[in-house]
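Worksheet: the structure to be examined is printed underneath.
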Amino acid sequence: MRHQIVVEACGSAPGVMMKVDDLLIVDDHPLMCEALTVTLRVAFGLRQAQCERNLASAIQRLKYGKLPDAILLDLNLPDAKGSEGMVTLARVAAGVPIAVISANEDPAMISAVMAAGAQGYISKSLSREAMCAALRRVWSGEKVTPEGYDPDDAPQHLALPDMEEIAHRFASLTHQQSRILRQICLGKANKEISYALNISEATVKTHIAAIMGKIGVRRRTQVVLLAKAIKLYDSD
């Protein structure tokens, strides 16, 4: 699948490619990581390309190491599904351009990921040349989505500006609040969350109140509905 380009400034002037020396790839498939590392080192003259196999290790690297120039993110990780990884990395690596690379070409998922702050959404089915061309455009300040994708045609419950605002609110949650949110979305009661996370029920209730305050709702069912609307935990 080829990619269409929507030109939007992002850090550098559109058409002027930023210098990418240090790339972080977050993908749990060893062969995919190796293929991307070799291909992109040659294509872009990367000084360094590091791979992390799950979201937790990527967060550790980003929090305690030097931020990379760019990030490539797979959606389907052992510890993150749907737009969760994008929402989390948008908080931890603010300002770093993130391109999602995925086999999932569902228009609703593309809309959710782009609303969460991705600079590009690139199909894993692309040829080496097409993938490099798409990344070159991403790193030139353009937003890249699959050809034929139209956000107005995507089946979604919220308009894109609203999705962006909701994703931004979810990105404001702390790590512990995000863990509790995941449990809520799994349908767990407060007592079950308390047991699963080894914290008191009172602490769970405090966190849930804080989550609802940050998201801007009054009931936990509304939190779940909004999480679903931005594909927060959807699998490929």
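The values are calculated or read from the model by the stated rules, or taken from the named source; none is laboratory data. Predicted, not measured: the structure shown is a model, and the values here were computed from it. So basically every Cβ, Gly included, is an ideal-geometry build from the backbone, and we count neighbours across all protein chains shown. These area figures cover heavy atoms from the full protein model, side chains too; ligands, DNA and RNA do not enter into them. Shrake-Rupley method; radii C 1.70, N 1.55, O 1.52, S 1.80 Å.
Add -39500 (n - 2.57) for each DSSP H run of 4 or more in the chain, then divide by its residues: what number comes out at 222 nm, to the nearest 500 deg cm²/dmol? Calculated mean residue ellipticity at 222 nm is -14000 deg cm²/dmol. The angle between the Cα long axis of helix 220-229 and the longest principal axis of the Cα atoms of the chain comes to about 20 degrees, rounded to the nearest 10.
Of 233, 149, the order by accessible heavy-atom surface (1.4 Å probe, DNA, RNA and ligands excluded), from most exposed downward, is 233, 149.
Rolling a 1.4 Å probe over the protein chains gives residue 29 an accessible area of about 90 Å². For the stretch 12-140, averaging the sequence separation of C-alpha pairs within contact (under 8 Å, six or more residues apart) and dividing by the residue count gives a relative contact order of 26 percent.
Of all DSSP beta bridges located in the chain, what percent are antiparallel, nearest 5? Roughly 30 percent of the DSSP beta bridges within the chain come out antiparallel.
Cβ-Cβ distance of residue 60 and residue 189, R₀ of 45 Å, FRET efficiency by 1/(1 + (r/R0)^6): the value works out to about 0.90.
Projecting the Cα atoms of 75, 123, 210 onto the charge dipole of the chain, computed from C-beta unit charges around the Cα centre, puts 210 farthest toward the positive end. Accessible surface comparison of 205, 81, probe 1.4 Å, protein chains only, largest first: the order is 205, 81.
Please work out the Cα center distance from the stretch 109-141 to the stretch 171-189, rounded to the nearest Å. Computed from Cα coordinates, the inter-centre distance equals 28 Å.
A straight line joining the Cα centroids of the stretch 190-235 and the stretch 12-78 runs 31 Å.
Counting only aspartates and glutamates at least 8 places from residue 228 when in the same chain, those with an alpha carbon closer than 15 Å to its own are 84, 106, 162, 164, 165, 236. With contacts taken as Cα pairs under 8 Å and at least 6 residues apart, the chain reaches a relative contact order of 23 percent. Considering every Cα-Cα pair within the stretch 83-236, what fraction, in whole percent, is farther apart than 19 Å? The calculated P(r) of the stretch 83-236 puts 56 percent of pairs beyond 19 Å. Only lysines eight or more places from residue 191 in sequence, or on another chain, were considered; those with a Cα closer than 16 Å are 205. Note on residue 152: accessible area approximately 140 square angstrom, rounded to 10, probe 1.4 Å, nucleic acids and ligands left out.
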